[in-house]
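Inspection log for the structure reproduced underneath, given as C-alpha cells.
The values are calculated or read from the model by the stated rules, or taken from the named source; none is laboratory data. Note that the structure is predicted; figures quoted are calculated from it, not measured. Cβ coordinates were reconstructed from backbone atoms using ideal geometry, including for glycine residues, and neighbour counts include every protein chain displayed. Each accessible area value is taken on the protein alone, full model and side chains, heavy atoms only, with ligands, DNA and RNA left out. Shrake-Rupley method; radii C 1.70, N 1.55, O 1.52, S 1.80 Å.
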Amino acid sequence: MISRLRSPWILLLPSIVLMLTLFGWPLIQGVLEAFRGDDGFTLANWERLFNDPYIFTALRNTLVLIVIVVPIQLVLAIGMALLMQARPRFAGGHFYLWCLPLAISELAAGLVWLSIFDNRGYLNSLLVSLGLSDDGVQWLGYQNTGTMLLAVVIAEVWRATSLVFVIVVAGVQMIPRDFDEAAQVFGANFWQRLRHVTLPLLGPSLQVALILRTILALQAFAVAQALTGRDFPLLVGETYEWYSNLQNPAVASAVSLIVLAISLATAVFYLRTVRQPEEAR
Amino acid sequence: MNQAEAPPQTVLPPVDRAPLRRRRWRAIGVQMACIAVTLFMALPIVLIGLAAVSSRDALNEFPKSLIPNEFSTETLVAFFRATGTVPALGNSVLVGIYTVFLSLVVGAPAGYALARHAFRGKDTYQVFILFVRALPIVVLSVPLATMFLRIDVYDTVFAVTLVHTTLALPTTVLITASIFVSVPADLEEAARVFGCTRWQAARKIVVPLALPGLAASSIFTFVLSWNEILGATIVTLGHRTLPAQVLTALGEASTAYRFAGGFALIIPALVFIFVMRRYLVNMWGTTLR
C-alpha cells in the first residue's frame, strides 16, 4: 500500500529535479543578473538597454511580426485543414509536403528564402527575365523596411504554418462527422457550417495553436538573422547580439526578461479571452 | 395523345445536372487550391536545392536561370570542407542522440506516472510542466551559460545536451503520458496476476506496446534538438552544433556557403517528416482516420 502511494512521486522526481535546476535556478539568476551591477542593485543595465536605438525597433518589429503572421497562419491552416477534409487526390503527398517545414529550422528557412529574395536571387532573376524590372528590387536592402518585413513574414508563414496545420487537423478529426451532416440536412451552406459547427468545436485546438504560435513567434530570430542580419532587429536577436557580439550578459538578460514578460502576458491573455466565451457558450 | 400512350416511366422529370456540375467544379477548386499550397511549400525547397548544386559561376550569374546550366557539387563540397563543419555535424548528431536518451530516461517515467496514477498534486505538476513549456529558452540560456562556466562544462556537448533536454522534457512527458494512456492497463494487470513484478510487467508488456509511439516521440525530440540554435550558440564557443556553426559563420560567409548550409540543414528534415508523417497527427492526440 505504501509503495502505491509513493511510487508516482518517485517516477516524477527526476523530471522535477532536472526542470528546477535547469529552469528554476537560471530563471532566478536571470532576474538577478538583469538588476545587478558592480555594487548591488542597479537599473544601469536597463538604462543602457533603453538608450540603445535598436531595442525599440526590435520591440516594434517583433510585435508587428506577430500581429501579421499569426492571423495569416491561423486562416491558412484552417483552410488547409478543410482542403484535407475534402479528401483531394494525392492527399498523402500533399500532406507530406505541407508538413515538411515542421522539421525545418528557423535558420534553414531563412536561408531558403534568402536564395529567393537575395539581390541576385530567384525572384529578381524572374522579374528581370520577364522584363518587369531592369535590375531587380533590393528586397533586403536596409533602407527598405517594408520589403524586409514582407520577406520575413513570408518566410515565417512558410515555416510555421505547418505546426498550426497539424494541430488544426488533429482538432478537425475529433469533430464527429454527424454534426456537419446534420447541419447539411437542415440546409446550412458551407459558410454557415464553418461558422456555427466547425469553428466553435475547434475552439480548444485553436487556443493551443494560438498560444504556441504567439510564444514561438516572440522567440523568432534566426529567420530575420539569415535574411537581413541586424537590419531587421527582433527581440531575441538583440539578446544574441548583446551576449555574443557586445559581450554583455546583464543587458542580454534584461532583453530576455522582456521576452519572458510578453510571453507570459500573451499566454494569460489567450487563456482568459479564448476559453471563457468557449465555456459560456 | 402520345403522352397518354407512353408508359408512366418515361415521363420522369428531366435530370437536374446542376448539383453534379457544382460538385465537379468544387472538386476542381479543391484540387487547384491543394496544388497552390503544395507549390508554396515545396518550391522554395526545390530552389535552395538547385542553388546548392549550382556551380559558383552559375550562382553569380544574373539573371539566374531556374535550372542551373552546370550542375556541380563544388558548393556542397566547399561547405563540408569549411573549418568546423564536419565536427559541428558530429556534435549535432551526438547532442541529438544524448538528448533523446536523457529526455526519455527522465521524461518517460513521469509520463507513465501521469498516465497510470491519480494522485494529489497531479494538476500542479501539469501546470508546472506547461509553465516550463512556455518559458522562452533565451531567458535561460544566458544564466545557464554562466552556470556552466562555473561548473566547468561550458562549451561541451554535455552542456548543449542539458539545455536541449530541458527544452524537450515537457513535451516528452506530455507525449509519453498520452502514449501510455493508450496502452491498456488490463494487460499490465493480467501480467501481474500471472506473477510478473511491477517492473517486469512494465518492461515486458508496456514498453513493447508503447515502442512505436516512443520512437515517434524520440524522432520529434531529435528534430527539436537538431533545429535549436540560440541555446546551442550561447552555451558553446568551439564545440558548436551545425546550426550554431552556420549561424555564427553567416557574417563572413559567401552566398554559396549559405545556400549549401541551408540545404544541408534541410536534408534531415525531408527524411524525418517522411518517417513521421503517420505519427504527426497522432501525437497531437488523435488518430488519422
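Number of residues in the range A:242-276 that are in contact (Cβ under 8 Å) with a residue 24 or more places away in the chain and open to solvent by 60 Å² or more (accessible area, probe 1.4 Å): the value is 2.
B:Ala118 meets each of the listed conditions (1) open to solvent by 10 Å² or more (accessible area, probe 1.4 Å); (2) small (Gly, Ala, Ser); (3) in a helix (DSSP H, G or I) apart from (3). If you go through the range A:176-226 and keep only what is touching a residue at least 12 places away in the same chain (Cβ under 8 Å) and among the charged types (D, E, K, R), you end up with A:Asp180, A:Arg193, A:Arg213. Test A:Arg120 against the criterion of being in contact with an Asp or Glu (Cβ under 7 Å, 6 or more places away or on another chain) and either open to solvent by 40 Å² or more (accessible area, probe 1.4 Å) or within 12 Å of chain B (Cβ to nearest Cβ) (or both), and give yes or no. When the stated conditions are applied, A:Arg120 does not pass them. The residues of the range B:233-247 that are among the polar types (S, T, N, Q) and at the interface with another protein chain (Cβ under 8 Å from one of its Cβ atoms) amount to a single one, B:Thr233. Going through the range A:217-241 one residue at a time, which ones are of a type outside the set (Gly, Ala, Ser) and either touching a His at 6+ places or on another chain (Cβ under 8 Å) or within 9 Å of chain B (Cβ to nearest Cβ) (or both)? A:Leu218, A:Gln219, A:Phe221, A:Gln225, A:Leu235, A:Val236, A:Thr239, A:Tyr240, listed by residue number.
Checked against (1) touching a Pro at 6+ places or on another chain (Cβ under 6 Å); (2) open to solvent by 20 Å² or more (accessible area, probe 1.4 Å); (3) hydrophobic (A, V, I, L, M, F, W, C), B:Ile267 meets all criteria but (1). Looking only at residues in the range A:21-58 that are over 26 Å from B:Thr146 (Cα atoms) and of a type outside the set (Phe, Trp, Tyr), the one that is modelled with the lowest pLDDT is A:Pro53. Residues in the range A:199-213 that are surrounded by 20 or more Cβ atoms within 10 Å (Cβ to Cβ) and either modelled with pLDDT of 80 or more or closer than 17 Å to A:Ile68 by Cα (or both): 6 in all.
In this entry, B:Leu230 is excluded by the filter for residues that are modelled with pLDDT under 80 and within 11 Å of chain A (Cβ to nearest Cβ). Within the range A:89-102, residues that are assigned to a helix (DSSP H, G or I) reach partners that are among the small types (Gly, Ala, Ser) and open to solvent by less than 50 Å² (accessible area, probe 1.4 Å) with beta carbons closer than 6 Å, at six or more positions or on different chains, in the pairs A:Leu97/B:Ala42; A:Cys99/A:Ser162; A:Pro101/A:Ser162; A:Leu102/A:Ser162. Checking each residue in the range A:43-75 for being of a type in the set (Val, Ile, Thr) and either on the phi > 0 side of the Ramachandran plot or open to solvent by less than 30 Å² (accessible area, probe 1.4 Å) (or both) picks out A:Ile55, A:Thr62, A:Ile66, A:Val69, A:Val70. Is it the case, given these coordinates, that A:Val268 is β-branched (Val, Ile, Thr), farther than 18 Å from A:Val153 by Cβ and part of a helix (DSSP H, G or I)? Criteria met by A:Val268.
Somewhere in the range B:100-114, is a residue over 30 Å from A:Ser7 (Cα atoms), open to solvent by less than 20 Å² (accessible area, probe 1.4 Å) and in contact with a helix residue (DSSP H, G or I) (Cβ under 9 Å, 6 or more places away or on another chain)? Checked the range B:100-114: no residue is over 30 Å from A:Ser7 (Cα atoms), open to solvent by less than 20 Å² (accessible area, probe 1.4 Å) and in contact with a helix residue (DSSP H, G or I) (Cβ under 9 Å, 6 or more places away or on another chain). Please verify whether the range A:131-149 includes one or more residues that are among the β-branched types (Val, Ile, Thr) and open to solvent by less than 20 Å² (accessible area, probe 1.4 Å). Looking for residues that are among the β-branched types (Val, Ile, Thr) and open to solvent by less than 20 Å² (accessible area, probe 1.4 Å), one finds none in the range A:131-149, hence no.
Listed by position, the helices (runs of 4 or more DSSP H) enclosed by the range A:109-196 that each have at least 2 residues that are more than 28 Å from the chain's Cα centre (by Cα) and among the hydroxyl-bearing types (Ser, Thr, Tyr) are A:122-129. Specify the residue that is surrounded by the fewest Cβ atoms within 10 Å (Cβ to Cβ); the eligible residues are those in the range B:70-99 that are in contact (Cβ under 8 Å) with a residue 40 or more places away in the chain and of a type in the set (Phe, Trp, Tyr). Within the range B:70-99, the match that is surrounded by the fewest Cβ atoms within 10 Å (Cβ to Cβ) is B:Phe80.
For first residues located in the range A:1-30 and at the interface with chain B (Cβ under 8 Å from one of its Cβ atoms), partners that are surrounded by fewer than 18 Cβ atoms within 10 Å (Cβ to Cβ) and at pLDDT 85 or above and lie 6+ apart or on another chain with Cβ distances below 9 Å form the pairs A:Trp9/A:Ile16; A:Pro14/B:Val105.
Among the residues making up the range A:222-233, a single one is open to solvent by 10 Å² or more (accessible area, probe 1.4 Å) and either more than 26 Å from A:Ala151 (Cβ to Cβ) or under 16 Å from the mean Cα position of the chain (by Cα) (or both): A:Gln225.
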